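Visitor: Attaching a single structure in structure tokens format; questions to follow.
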Amino acid sequence: MSKVEEKLFENRYRVDEGRPHIAIISADVCEGKCTAKQCTYCCPAACYALENGKVVLTTDGCLECGTCRVICDDHFNIEWSYPRGGFGILYKFG
Amino acid sequence: MAEKFDAIVIGAGPSGNAAALVMARAGMKVLQLERGEYPGSKNVQGAILYAEALEQIIPNCRRQAPLERPIIEQRMWVLDDESYVGSNYRGTKKKDEPPTRYTVIRANIDRWMSKKATDAGVLLICEATVLDLIKLDGKVVGVRTDRLGGDILAEVVVLADGVNSLIATKAGLRPTIKAADVALAVKEMHFLPKEVIEQRFNIANDEGVVIELFGKITKGMMGTGFLYTNRESIALGIGCMADDFKKGGVTPYDLLDAMKAHPAIKPLIAGSEVKEYAAHLIPEGGYKAIPQVHGDGWVIVGDSGGFVNAVHREGSNLAMTSGRLAAETILKLKEEGKPFTAQHLARYRAALEDSFVMKDLKKYRNMPEIFHANPQFFTTYPELLNRAAATILKVDGIDKKTKEKEIAGEFVKRRSRLGLLGDAIKLVRSFR
Ligand SMILES: Cc1cc2nc3c(=O)[nH]c(=O)nc-3n(C[C@H](O)[C@H](O)[C@H](O)COP(=O)(O)OP(=O)(O)OC[C@H]3O[C@@H](n4cnc5c(N)ncnc54)[C@H](O)[C@@H]3O)c2cc1C
Ligand code: SF4
Ligand code: SF4
């Protein structure tokens, strides 16, 4: 387990299987136009991973902070919304 | 649900709970919608609760609220890579009676405050994400959710949905928040036996300590760290501006782990069990980033309106106060039989201007820009200060005057005379 996975492991989630609440609009923009790919190092839950030049998004560990939405401001290539009511992160302490 | 309410409140954080409670207590028919399983399940705070703001809404709150520890000691540390220079204030519980600051666990506070609201008659529906506002002739008249079928209508809608402010943005009531105006904070909860905490921090059973952390821990980014003592846990976190994170260099979790490994911090959390890792944005753009907060049929309260005083780490109190002021404005208009038009709801903005919320934000309006543009305040100065302290304290046979000269020389070398003067002016201007 990576360090961030270990951290997320302590959290409670109710994952909305098959219904990710965040989506990359155009994979081509990520791969071809976005040089920094800042989502891959700004997300506090490491939901964006770089795999063979492609950006892969997995929202299961998402903390719903909104960082990726605000830092993808060169290409505005993220469609961001909250999970359906009751799903997602469930903070015990906050 | 084709029912019509007097008011709909979106969100059950401190701002929404304050607004809902104040309106319901005066007899209004209030619907509150929260996307989390329970109030607090989506929310993150340090957390320091400022009791006075809550007292204005729930009298005698100190006796009822789930508080952790009243703060009797404030430590401020300016950190270099391995050392820190600090200042302390230590009082007693008696001296500062009644305490105005307490550590709290956010999920507990939100649930408790929400219970007060539902007891007062608020209809709270959880696990309902509001998707859109409904507008009629430019006026907001209700909301649409993902859970309750159909439109829900109300005379006025209070947007208390937090920093991302998605609903107002989607409805075109405000622009999207910018990376330069928000900080990303990450936080962990470290559990330790109560006695261990009290020993390590030199406190008694009902006393708490705050440590504010500033300097090289943020790796040149504009930001700060914090460490708060709860009853049986230590809350520890660090936050930096999102656009600084964007520049790259370090991930949020590595930044947090590096802070935890600092020689001054590591022993304080040694042996603890981490039970949660959280991340949340904080609106830190200050006065200049505040959007329009009222219009026909709607008001914005709390983080959604950007009401956070980053300099003093105050947010929940501004949230509660803005929620209360919005509710009081709505009640007054109702009493006078006036419609909730932009023109009439402007009284809410005026009430904010008249309160500490806007007065404090105005006072520090230049701060975000100045600190943002001058990373030396987060790197060079902490380093120089630590080196100066080390030089002065080292008893090595060199006379004190030579040491003073050496320290002054270091400052000039690193920042130049003009640079030092400029920094001093900037610092003064940011606090003015
Ligand atoms: C790490 C950190 C430390 C902090 N420390 C302090 C501190 O020590 N002291 C202090 O006073 N302040 C602190 N703050 C700031 C404080 O937490 C906020 O200012 C405060 O929580 C704002 O309250 P709010 O009610 O406006 O928003 P929030 O608390 O964010 O509440 C918004 C609510 O709306 C709900 N919601 C959002 N969208 C929807 C939707 N579409 N439909 C339904 N529900 C929705 C959310 O689930 C949430 O419950 C800190 C913040 C952070 C991140
Ligand atoms: S920052 Fe935006 S555009 Fe760039 S890689 Fe990430 S999602 Fe794609
Ligand atoms: S919302 Fe936050 S945690 Fe979720 S994917 Fe975006 S940056 Fe990561």
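Visitor: For peptide B:238-244, what's the mean number of Cβ atoms from other chains within 10 Å of each residue's Cβ?
Guide: Numbers: counts 0, 0, 0, 0, 10, 5, 1.
Shielding by partners across B:238-244 averages 2.
Visitor: Here's something else I'd like to know. Which whole-angstrom value gives the distance between the alpha carbon centres of segment B:240-299 and segment B:309-325?
Guide: One Cα centre to the other: 17 Å.
Visitor: Separate question: Once neighbouring chains are kept in place and the probe is 1.4 Å, which whole percent of the accessible area of chain B is contributed by carbon and sulfur?
Guide: In chain B, the share of accessible area belonging to carbon and sulfur is 54 percent.
Visitor: Then there's this: What is the magnitude of the charge dipole of segment A:7-94 about its Cα centre, with +1 placed on the Cβ of each Lys and Arg, -1 on the Cβ of each Asp and Glu, and no other charges, expressed in debye to the nearest 20? Display every interim value, and only then the final one.
Guide: On the way: 10 positive and 11 negative charges, 59 e Å.
It comes to approximately 280 debye.
Visitor: Using mean Cβ contacts within 10 Å as the protection proxy, how do B:340-349, B:268-277 order, highest first?
Guide: Ranking the peptides B:340-349, B:268-277 by packing returns B:340-349, B:268-277.
Visitor: Just report the Cα centroid separation between segment B:103-133 and segment B:361-432, whole Å.
Guide: 45 Å
Visitor: Same structure, new question: At a 1.4 Å probe, which residues in segment A:31-62 are at least 30 Å² less accessible with all protein chains present than in their chain isolated?
Guide: At a threshold of 30 Å² (probe 1.4 Å), the residues of segment A:31-62 that become less exposed are A:TYR41, A:CYS42, A:PRO44.
Visitor: Give the value in nm², to one decimal: projected area of the alpha carbon convex hull of chain B, averaged over all directions.
Guide: Over all viewing directions, chain B projects a mean Cα-hull area of 22.6 nm².
Visitor: What does the average come to when, for each residue of peptide B:53-59, you count the partner chain Cβ atoms lying within 10 Å of its Cβ?
Guide: 0
Visitor: Once you average over the residues of B:136-149, how many Cβ atoms of partner chains fall within 10 Å of each Cβ?
Guide: The shielding value for this peptide is 1.
Visitor: Compute the separation of the alpha-carbon centres of segment A:1-46 and segment B:37-102 and state it in Å as a whole number.
Guide: Between the Cα centre of segment A:1-46 and that of segment B:37-102, the gap is 33 Å.
Visitor: Considering the options B:GLY306, B:SER430, A:ASN77, tell which one lies farthest towards the positive end of the dipole of the protein assembly as shown, charges being +1 on Lys and Arg and -1 on Asp and Glu at the Cβ, about the Cα centre.
Guide: Value computed over the given set: B:SER430.
Visitor: Would you work out the relative contact order for chain B, in percent, from Cα pairs under 8 angstrom that are 6 or more residues apart?
Guide: Working: 886 pairs, mean separation 84.8, N = 432.
Averaging sequence separation for qualifying contacts and normalising by length gives 20 percent for chain B.
Visitor: Can I ask one more? Any chance you could check segment A:80-94 for residues losing 30 Å² or more of accessible area when the partner protein chains are in, compared with the chain on its own (1.4 Å probe)?
Guide: In segment A:80-94, residues shielded by partner chains: A:TYR82, A:GLY85, A:GLY86, A:LEU90, A:TYR91, A:LYS92, A:PHE93, A:GLY94.
Visitor: What are the membrane-span-like helices in chain B by this rule: whole DSSP H runs, Cα extent along the axis at least 15 Å, mean Kyte-Doolittle hydropathy at least 0.5? Provide the component values of the computation, followed by the final result.
Guide: On the way: long enough: B:14-25 (16 Å, 0.52); B:106-119 (20 Å, -1.41); B:316-336 (30 Å, -0.13); B:342-353 (16 Å, -0.48); B:380-393 (20 Å, 0.39); B:400-415 (23 Å, -1.67); B:417-431 (22 Å, 0.70).
The answer, listed by residue number, is B:14-25, B:417-431.
Visitor: Let me spell out the model: positive unit charges on the Cβ of Lys and Arg, negative unit charges on the Cβ of Asp and Glu, origin at the Cα centre of chain B. What dipole size does that give, in debye rounded to 20?
Guide: Numbers: 61 positive and 54 negative charges, 209 e Å.
Dipole size: approximately 1000 debye.
Visitor: Could you give P(r) for the protein assembly as shown, binned at 20 Å from zero, as whole percent values over all Cα-Cα pairs?
Guide: Going from the shortest bin to the longest, the percentages are 22, 55, 22, 2, 0.
Visitor: Give me the percent of Cα-Cα pairs in segment B:167-234 that sit more than 17 Å apart, rounded to a whole number.
Guide: 60 percent
Visitor: Which order, highest average first, do B:82-90, B:109-117 follow once you tally other Cβ atoms within 10 Å for each residue and take the mean per peptide?
Guide: Those peptides, ordered most packed to least, come out B:109-117, B:82-90.
Visitor: Return the long-range amide H neighbours of B:VAL182 (sequence gap of 5 or more, or a different chain), with a cut-off of under 5 Å between placed amide H atoms.
Guide: When sequence neighbours closer than 5 places are left aside, the close amide H contacts are B:ALA242, B:ASP243, B:GLU284.
Visitor: If the chain between B:ASP254 and B:GLN56 were fully stretched, how many nm would it gain, using 0.36 nm times the residue separation less the Cα-Cα distance?
Guide: Separation in residues times 0.36 nm, less the Cα-Cα distance, equals 67.3 nm.
Visitor: Let me ask something else about it. Report, to the nearest whole %, how much of the accessible area of segment A:3-89 belongs to carbon and sulfur atoms, 1.4 Å probe, protein only. Could you put the intermediate results ahead of the total?
Guide: Working: 2170 of 4360 Å².
The computed percentage sits at 50.
Visitor: If you place +1 on the Cβ of every Lys and Arg, -1 on the Cβ of every Asp and Glu, and leave all else neutral, what size is the dipole of segment B:141-209 about its Cα centre, to the nearest 20 Debye?
Guide: 380 debye
Visitor: So with the 1.4 Å probe, I'd like the accessible area per residue for segment B:81-194, rounded to whole Å². Show your work: numbers first, answer last.
Guide: On the way: 4970 Å² over 114 residues.
Here the per-residue accessible area is 44 Å².
Visitor: Please provide three numbers in whole Å: the alpha-carbon extents of segment B:22-166 along the principal axes, with the largest listed first.
Guide: 58, 39, 28
Visitor: Counting only residues 5 or more places away or on other chains, whose amide H sits under 5 Å from the amide H of B:GLY215 once H atoms are built in the peptide plane?
Guide: Those lying under 5 Å, H to H, from B:GLY215 are B:LEU79.
Visitor: Keeping every protein chain present and rolling a 1.4 Å probe, give me the accessible area per residue for segment A:1-85 in Å².
Guide: Accessible surface, normalised per residue, equals 53 Å².
Visitor: Threshold 50 Å², probe 1.4 Å: give the residues of segment B:16-50, in number order, that are less accessible with all protein chains present than with their chain alone.
Guide: Buried-area filter returns B:ARG35, B:GLU37, B:LYS42.
Visitor: Which percent of Cα-Cα pairs in segment A:3-89 sits in each 10 Å bin, short to long?
Guide: P(r) for segment A:3-89, in whole percents per bin: 17, 51, 28, 4.
Visitor: Continuing with the same structure: Using θ = phi - 60° and the Karplus relation 6.51 cos²θ - 1.76 cosθ + 1.60, list the HN-Hα couplings for segment B:31-42 in order, rounded to whole Hz, with x at every Gly or Pro.
Guide: Those phi angles translate into 10, 10, 10, 9, 7, x, 5, 8, x, x, 5, 10 Hz.
Visitor: How large is Rg/Rh for segment B:180-283, to two decimals, with Cα atoms and a Kirkwood Rh?
Guide: In segment B:180-283, Rg relative to Rh is 0.99.
Visitor: May I ask you to derive the FRET efficiency for B:THR402 and B:ARG231 from their Cβ-Cβ distance with R0 = 56 Å, giving the value to the nearest 0.05?
Guide: Computed FRET efficiency for B:THR402 and B:ARG231 comes out at 0.65.
Visitor: To the nearest 100 Å², how much accessible surface do chains B and A hide from each other in total, with a 1.4 Å probe?
Guide: Roughly 3600 Å² of accessible surface disappears when B and A pair.
Visitor: Once Lys and Arg get +1 and Asp and Glu get -1 on their Cβ, which of B:LEU255, B:LEU31, B:GLY149 lies farthest toward the positive end of the dipole of the protein assembly as shown?
Guide: Projecting each Cα onto the dipole axis, the largest value belongs to B:LEU255.
Visitor: Grab the alpha carbons of segment B:1-86, take their convex hull, and tell me the volume per residue in Å³. Mind dumping the intermediate values first?
Guide: Values: hull volume 13.2 nm³, N = 86.
So the per-residue hull volume is 153 Å³.
Visitor: Within the set B:LYS42/B:LYS219; B:LYS178/B:LYS362; B:LYS4/B:LYS42; A:LYS3/B:LYS219; B:LYS266/B:LYS426, which residue pairs have Cα atoms separated by over 22 Å?
Guide: B:LYS42/B:LYS219; B:LYS4/B:LYS42; B:LYS266/B:LYS426, as the Cα separations exceed 22 Å there.
Visitor: Return, for the Cα atoms of segment B:37-119, the radius of gyration and Dmax in Å, separated by a comma.
Guide: That works out to 15.7, 51 Å for Rg and Dmax.
The values are calculated or read from the model by the stated rules, or taken from the named source; none is laboratory data. Just so you know, these numbers come straight off a predicted model, no measurement behind them. Cβ coordinates were reconstructed from backbone atoms using ideal geometry, including for glycine residues, and neighbour counts include every protein chain displayed. In case anyone asks, the SASA skips ligands and DNA or RNA and just uses the protein heavy atoms, side chains included. Shrake-Rupley method; radii C 1.70, N 1.55, O 1.52, S 1.80 Å.
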